[in-house]
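Enquirer: The following block contains the structure, expressed as structure tokens.
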Amino acid sequence: MPTTHRTQRRSVLIVLVLFAAAATAFAQTPLIANIHARQITDLSGTWSTIIDAYHVGERNRFYEDRHQTDPSELIEYNFDHSPTLKVPGDWNSQRPELFLYEGTLWYRRIFSYHPAQGKRQFVYFGAANYHATVYLNAQKLGEHSGGYTPFNFEVTGKLKDGENLLVVEVDDRRSKDAIPALNTDWWNYGGLTREVSLVEVPSAFIENYFIQLAKGSPNEIAGWVQLNSAAGGSEVTIEIPEAKLRQSAKADEHGRAAFRFPAQLTPWSPDNPKLYEVRISSGTDHLTDQIGFRTIEARGTKLYLNGKPIFLRGISIHEEAPFRGGRAFASEDDKTLLGWAKELGCNYVRLAHYPHHESMVREAERMGILVWSEIPVYWDIDWKNPDSLAQARQQLHEEIARDQNRAAIILWSIANETPIDPDRLEFLKALASDVRSLDNTRLLTAALNRTGREGKTRLIDDPLGAVVDVLAINEYIGWYESRVEDADTTEWKSSWEKPLLFSEFGGGAPYGRHGATNERWTEEYQANLYRHQLTMLRKIPALAGLSPWVLMDFHSPVRLLPGVQDMRNRKGLVSDQGQRKQAFYVLQEYYREMGAH
Ligand code: GCU
């Protein structure tokens, strides 16, 4: 082969190798599931931070955390002399100057570590809103976009035995092509909003697993275990000691071991949230998880849990911390919010509008509360943009990878109030197809947009209704349209014989503001609206459940009425200080009537 051709061939090869290496270096490593069952070093605590409003940090190499040694040296930053933030936690609610800040902020954490020989280490983030760039010991590990799902990077061989430097740049600027995009009715809390941990695993380890009842089969477990770096043919074992179950299977060449075996288990349900200890092992890796087993099906217009009809007595919840405000992340937040839901008589919550932190889902499961989980494909998205679709798919994959073993989750939602449009439908059909291939045991839903009216009849005929398993409608009769009492005579007509959820309705009132029932912004108006809504709902045969908007008042940059909203959405049944409004008791009474005890 002439020299020039050989040289050309070699240079093409070099470019391809470099590209592949770069892609590998910056690609997030596959998500490690159930990290709390792992050997972890929690990096929560006080981190030094630099507000980088003009995005100069990368150019100035903040990630090197340099200190002046030579008196002539020019360094225009210093983490040691900069303010701090608690991690986990959004930046907005920690420092007044950051309350309305949207931009870039750098975090630094120095920690000592002694990597065990023969083990692998990963740095794991519960979430970072919105775009994170992660550096370890001044080397870039990679980047992640998406504000509400976990990600991790392998750091094996990059950790020093001793002191290590972890620097993270977080940029929470909203953008047209992001998920969510520019406009949301919730606060854009930025930063390292959830936990950061170092995870240590064997060289060949259990990366993820799906262990649930087979679709529609209460007496069979079907699923898989995904190994990382294990040889094909490696043995994987699943044990459920309490049920005297032990099954083994061989991993294929991709490290995936599939299972399907008979299992007589006590089903998980709101009345009996039974969880089993499940032990998964392969080679030198062993981990346990607490897993519930149940079936969920849509038959006609009814939902069936474990083969019995169930009505979802729900409430919508934003991930806002009671009392202190800011992004919720702690178990006391979960217990407070879900405790209020239980007090209402709920057996179900809609965790809006994005995947909440993992402990919230696990707490709901322990308390016997069913869950609607959703990704923030919310209002206007850049439907034609392949990057937006890729981002939505990535968030969906991360959400399901993290929570696919949580029996409490019965609904994956792919959209909220998105405009009816052909590009939007194609975008959402792609997400629907992902959900069904990743997890065919749960039901697919979305908060639809309704279109037409025939006199007093509202038509549920959003074409997305043909795609989902369960229809869901947000409606605001008496708040954004019509009069409160018009609900009494409003009927609903669906184009499909599917279960129907009312995923939102409500009205706003600051706690303690009183007046006549026709005076907007009073508790009396809100309670009256609920009464009329419930009159309407009682007459809908296909109604399978509801999750009124919203459990607790929450911060929103678009709620600006002074003395009433003060940058909070006031549709909560509970104030941000835990005070129950009159409408709380109206809904509670309805749920008692619907079977709450
Ligand atoms: C919409 C939207 C919510 C919003 C609510 C409201 O339906 O889904 O995110 O907060 O209405 O206007 O209060």
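The values are calculated or read from the model by the stated rules, or taken from the named source; none is laboratory data. Source: prediction; values computed, not measured. When we count neighbours, we look across all protein chains shown, and the Cβ atoms used for this are built from the backbone with ideal geometry, even at glycine.
Enquirer: Identify the single condition in (1) modelled with pLDDT under 95; (2) in a strand (DSSP E or B) that GLN117 does not satisfy, given that it satisfies every other one.
Expert: Failed condition: (2).
Enquirer: Kindly establish whether ARG313 is part of a strand (DSSP E or B), basic (Lys, Arg) and over 30 Å from GLN579 (Cβ atoms). If you could, list the steps in order and put the result at the bottom.
Expert: On the way: part of a strand (DSSP E or B): yes; basic (Lys, Arg): yes; over 30 Å from GLN579 (Cβ atoms): no.
In short, no.
Enquirer: Looking only at residues in segment 342-372 that are aliphatic (A, V, I, L, M) and within 16 Å of the ligand (Cβ to nearest atom), which one is farthest from ALA328 (Cα to Cα)?
Expert: Going through segment 342-372, the residues aliphatic (A, V, I, L, M) turn out to be 344, 349, 351-352, 360-361, 364, 367, 369-371.
Then drop every residue that is not within 16 Å of the ligand (Cβ to nearest atom), which leaves 349, 351-352.
On the way: VAL349: 16, LEU351: 12, ALA352: 13 Å.
For segment 342-372, the residue satisfying everything is VAL349.
Enquirer: Does LEU444 satisfy the criteria of being in contact (Cβ under 8 Å) with a residue 12 or more places away in the chain, away from the ligand (no atom under 16 Å from the Cβ) and farther than 15 Å from ALA472 by Cα?
Expert: Here the answer is no, as LEU444 does not meet what is asked.
Enquirer: In segment 443-476, what count of residues is obtained for those that are of a type in the set (Lys, Arg) and not in a loop (DSSP other than H, G, I, E, B)?
Expert: Filtering segment 443-476 down to residues of a type in the set (Lys, Arg) leaves 450, 453, 456, 458.
Restricting the remaining residues to those that are not in a loop (DSSP other than H, G, I, E, B) gives 453, 458.
Total satisfying the criteria: 2.
Enquirer: If you scan segment 514-535, which residues turn out to be closer than 20 Å to LEU501 by Cβ and crowded, with 23+ Cβ neighbours inside 10 Å?
Expert: Listed by number, the residues that qualify are LEU529, TYR530, GLN533.
Enquirer: Are there any pairs, at least 6 apart or on different chains, whose C-beta atoms fall under 6 Å, with the first in segment 495-516 and closer than 19 Å to LEU303 by Cα and the second among the polar types (S, T, N, Q) and within 16 Å of the ligand (Cβ to nearest atom), and if so, which?
Expert: SER503/ASN474; SER503/SER547; GLU504/ASN474
Enquirer: Looking at segment 538-557, can you tell me whether even one residue there is within 16 Å of the ligand (Cβ to nearest atom) and over 26 Å from GLY339 (Cβ atoms)? Steps first, answer last, please.
Expert: Taking segment 538-557 and keeping what is within 16 Å of the ligand (Cβ to nearest atom), we get 546-557.
This time we only want the ones that are over 26 Å from GLY339 (Cβ atoms), so: 557.
Yes, because at least one residue in segment 538-557 is within 16 Å of the ligand (Cβ to nearest atom) and over 26 Å from GLY339 (Cβ atoms).
Enquirer: Hey, does segment 422-439 have a residue that's within 16 Å of the ligand (Cβ to nearest atom) and surrounded by fewer than 22 Cβ atoms within 10 Å (Cβ to Cβ)?
Expert: yes
Listed here are the residues, each with its yes/no results for (1) within 19 Å of GLN391 (Cβ to Cβ); (2) assigned to a helix (DSSP H, G or I).
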residue	(1), (2)
ASN405	no, no
LEU411	no, no
ALA415	yes, no
THR418	yes, no
ASP423	yes, yes
GLU426	yes, yes
LYS429	yes, yes
VAL435	yes, yes
THR441	no, no
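Enquirer: Mind listing whichever residues of segment 161-176 are part of a loop (DSSP other than H, G, I, E, B) and surrounded by fewer than 17 Cβ atoms within 10 Å (Cβ to Cβ)?
Expert: Applying the first criterion (part of a loop (DSSP other than H, G, I, E, B)) to segment 161-176 yields 161, 172-176.
ASP161, ARG173, ARG174, SER175, LYS176, listed by residue number.
Enquirer: If ILE375 passes every condition in (1) touching a residue at least 60 places away in the same chain (Cβ under 8 Å); (2) within 16 Å of the ligand (Cβ to nearest atom); (3) surrounded by 23 or more Cβ atoms within 10 Å (Cβ to Cβ); (4) within 15 Å of LEU182 (Cα to Cα) but one, which one does it miss?
Expert: Checking ILE375 against (1) touching a residue at least 60 places away in the same chain (Cβ under 8 Å); (2) within 16 Å of the ligand (Cβ to nearest atom); (3) surrounded by 23 or more Cβ atoms within 10 Å (Cβ to Cβ); (4) within 15 Å of LEU182 (Cα to Cα), the one that fails is (4).
Enquirer: If you take the residues in segment 267-297 that are of a type in the set (Asp, Glu), over 23 Å from the mean Cα position of the chain (by Cα) and in a strand (DSSP E or B), which one is nearest to PHE205 (Cα to Cα)? Lay out the reasoning, then the answer.
Expert: Let us first name the residues in segment 267-297 that are of a type in the set (Asp, Glu), namely 271, 277, 285, 289, 297.
Checking which are over 23 Å from the mean Cα position of the chain (by Cα) leaves us with 271, 277, 285.
Then drop every residue that is not in a strand (DSSP E or B), which leaves 277, 285.
Values: GLU277: 19, ASP285: 6 Å.
Top of the filtered list is ASP285.
Enquirer: Can you run down the residue pairs with Cβ atoms below 6 Å, 6 or more apart or on separate chains, where the first is in segment 284-305 and more than 25 Å from ALA33 (Cβ to Cβ) and the partner is among the hydroxyl-bearing types (Ser, Thr, Tyr) and in a strand (DSSP E or B)?
Expert: Between residues of segment 284-305 that are more than 25 Å from ALA33 (Cβ to Cβ) and residues that are among the hydroxyl-bearing types (Ser, Thr, Tyr) and in a strand (DSSP E or B), the close pairs are GLU297/TYR304.
Enquirer: For residues that are surrounded by 14 or more Cβ atoms within 10 Å (Cβ to Cβ) and within 14 Å of the ligand (Cβ to nearest atom), tally how many sit in segment 463-492.
Expert: 8
Enquirer: Yes or no: segment 422-431 includes at least one residue that is within 21 Å of HIS144 (Cα to Cα) and in contact with a strand residue (DSSP E or B) (Cβ under 8 Å, 6 or more places away or on another chain).
Expert: Quick first cut of segment 422-431, residues within 21 Å of HIS144 (Cα to Cα) only: 431.
Cutting the leftovers down to in contact with a strand residue (DSSP E or B) (Cβ under 8 Å, 6 or more places away or on another chain) gives us 431.
Scanning segment 422-431, I find at least one residue that is within 21 Å of HIS144 (Cα to Cα) and in contact with a strand residue (DSSP E or B) (Cβ under 8 Å, 6 or more places away or on another chain), so the answer is yes.
Enquirer: Sort out which residues of segment 378-392 are touching a residue at least 40 places away in the same chain (Cβ under 8 Å) and either surrounded by 22 or more Cβ atoms within 10 Å (Cβ to Cβ) or more than 16 Å from the ligand (Cβ to nearest atom) (or both), and write them in order of number. Before the answer, list the steps.
Expert: Residues of segment 378-392 touching a residue at least 40 places away in the same chain (Cβ under 8 Å): 378-383, 385, 387-389, 391-392.
Result: TYR378, ILE381, ASP382, TRP383, ASN385, ASP387, SER388, LEU389, GLN391, ALA392.
Enquirer: Now for a different question. Only residues that are touching a residue at least 24 places away in the same chain (Cβ under 8 Å), more than 16 Å from LEU312 (Cβ to Cβ) and out of contact with any Asp or Glu (no Cβ under 7 Å at 6 or more places or on another chain): list them for segment 519-538, please. Working first, answer last.
Expert: Step one: list which residues in segment 519-538 are touching a residue at least 24 places away in the same chain (Cβ under 8 Å), which gives 521, 523-537.
Now drop any that are not more than 16 Å from LEU312 (Cβ to Cβ), which leaves 521, 523-532, 535-536.
Selection gives TRP521, GLU523, GLU524, GLN526, ALA527, ASN528, LEU529, TYR530, ARG531.
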